[in-house]
Amino acid sequence: MKVAKEWRLGSMGDTKILPGSRHRSPLKRPIWIILMVSFVSLFLVCAYIYPPNSDVACYVFSSRGCKVLTDWLPPPKRELTDEEIISRVVVRDILDTPPVESKNPKIAFMFLTPGSLPFEKLWDMFFRVGHFTSFCVQELPNMNESHMYFILVKNISFVDCQCKYVNVYGEERNSNNFGNEGRFSVYIHASKEKPVHVSPYFLNREIHSSPVTWGAFSMVDAERRLLAYALKDLDNQHFVLLSDSCIPLHNFDYVYNYLMHANMSFIDCFVDPGPHGNGRYSTRMLPEVEEKDFRKGAQWFTMRRQHALLVMADSLYYSRFRDYCRPFADGKNCIADEHYLPTFFNLVDPGGIANWSVTRVDWSERKWHPKSYRA
């Protein structure tokens, strides 16, 4: 029979000696790696703040030169010029100022033409009739774009037909019983000869005009001149630029309601990386206009009043395009009316424009002028 043994504290016979912890040498930190990383970081910071001014210094570090460093380093913030500061203050104040409220808001239709308007009769019908539709123009393309309200028609023969004003029930009406007077204004810039008018809406609506050359900066000046005259009427809230080849695609009520309720301007604006887009950019526009901000678009626009005021107030970007965006300047065929306004609004208020125009222009033939239609 087993006998229980008494265990007493302190008895050495019952005490087990555990092995002590192993001795570990102090951790060797990779001091050389830390020093190397610090040296490289310091070198990059210095190269960023104080870039080499000579090609020799650049090629010490890379056969590609300094570009290897600037490709991935963020560009330093540029100090704005005095003109840029003034421009930004003016733009901010105009955009922050509430639009002028008018009891009788109107659309200003601004015609840029060399002389008489070949479609004046058609425009007379457009202004005279509200929700009624005219069926005089035939053989126009099938329009699927619901946002297109005008079309640029080149070199067509107008059919002198007996036009009927028909309502939605097919009832024929007398055109003299309707009208939209008080909801629109007409302005005509005739650059070559005094127009002969057939509509009372166009009588005595010519403004002071100057010669306009296709592709020259005088086209931009004519657009600004039309805006200036139209802005004199405080009731004009939206401004539509049209040529002598433009015709309306929808009735007046449709166009009026859409433009008046749109809280933006319809200005064509896109990036064209090809030779007829960014290939026209001149580095002489720096520092105010960089190539990444350079835009292109058709010149036909519709613009709300605040944006029209911005165009009138601009002198900075206007002067850059006037001086450096000209046909065959610096070996580049820069057309100012295709680049000035798109680039300007891309810089000052990109969120305020639709980036497309409500005037349909067909460039599918890839010529200097858009496709021609016949009616």
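Which links in K192/K232; K103/K232; K77/K292 stretch past 18 Å when you go from one Cα to the other? Beyond 18 Å between Cα atoms: K192/K232. Couplings for region 263-278, taken from phi via the Karplus curve 6.51 cos²θ - 1.76 cosθ + 1.60 with θ = phi - 60°, read 8, 7, 9, 9, 10, 5, 7, 7, 8, 10, x, x, x, 9, x, 5 Hz in order; Gly and Pro are left as x. Amide H to amide H, with H built 1.01 Å from N, G277 comes under 5 Å of no residue 5 or more places away or on another chain. Placing unit charges on the Cβ atoms of the charged side chains and taking the dipole of region 300-361 about its Cα centre, the candidate lying farthest along the positive direction among C334, F301, F321 is F301. Straightening the chain between M312 and D235 buys 26.0 nm, computed as 0.36 nm per residue apart minus the Cα-Cα spacing. In this structure, the amide hydrogen of S199, modeled 1.01 Å from its nitrogen in the peptide plane, lies closer than 5 angstrom to no residue at least 5 positions away or on a different chain. Computed about its Cα centre, the charge dipole of region 217-334 is approximately 220 debye, with only Lys, Arg, Asp and Glu carrying charge at their Cβ. When each of the peptides 120-128, 282-290 is scored by the mean number of other C-beta atoms lying within 10 Å of its residues, the order from highest to lowest reads 120-128, 282-290.
Could you derive backbone 3J(HN,Hα) for region 117-128 from the dihedral phi with the Karplus parameters 6.51, -1.76 and 1.60 (θ = phi - 60°), listing whole Hz in sequence and x where the residue is Gly or Pro? Karplus values, whole Hz, x for Gly and Pro: 9, x, 10, 5, 4, 5, 5, 4, 5, 4, 6, 6.
Values in this text are rule-based calculations from the coordinates and carry no lab data. Just so it is clear, the model here is predicted, and its values are computed rather than measured. Note: ideal-geometry Cβ built from the backbone for every residue, glycine included; neighbour counts use all protein chains shown.
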